[in-house]
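Here is the structure we will look at.
Please treat every number below as a calculation from the coordinates, not as lab data. Being a predicted model, the structure only gives us computed values, none of them experimental.
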């Protein structure tokens, strides 16, 4: 298993959707986390609704700070919010450049969700290429 984290500013929308989707699509090869660089009170309800629409259960998800996830990661993915993360040791870092749907209608959350799903499939391929021992 590898450690994967999705990081944003508030950990209330894009990174939360990525964590839920990642647990579904990467769960057999990775431990999946998400975190933010700033505090936020709750996950955005439309982000939760968008992942429920594709049959995933985000129950129990809540915003977390960076100190709540492993401090040694194999893959660190930022969401496109200009996050300047404190140094987190990682073998691979990528920014997904996702627009923030916050404050927009559900359709914007769906578009972001669908982008995350597509990127998650590519990330899975990357992880399996980097770690052939994880192939079943």
Q | Additional length obtainable on full extension of the chain from residue 118 to residue 72, 0.36 nm per residue less Cα span | A | 14.0 nm
**Q.** Degrees separating the helix 14-26 axis from the principal Cα axis of the chain, which is the longest one
**A.** 40
Q) Hey, any idea what the orientation-averaged projected area of the convex hull of the chain's Cα atoms comes to, in nm²? A) 7.5
Q. For region 14-68, what does the alpha-carbon gyration tensor say about shape, rounded, prolate or oblate, given a ≥ b ≥ c as the root eigenvalues, a/c under 1.5 as rounded, and a/b over b/c as prolate?
A. oblate
Q) Over the chain, what is the mean sequence separation of C-alpha contacts under 8 Å (at least six apart), divided by residue count, expressed as relative contact order in percent? A) 28
Q | Pairwise centroid distance, computed over Cα atoms, of region 1-69 with region 87-107, Å | A | 11
Q) Angle, helix 106-130 long axis vs. longest principal axis of the chain, Cα atoms, 0 to 90°, nearest 10? A) 0
Q.
Can you compute the helix-only [θ] at 222 nm over the chain? Use -39500 (n - 2.57) per DSSP H run of at least 4 residues, normalise by all residues, nearest 500 deg cm²/dmol.
A. -11000 deg cm²/dmol
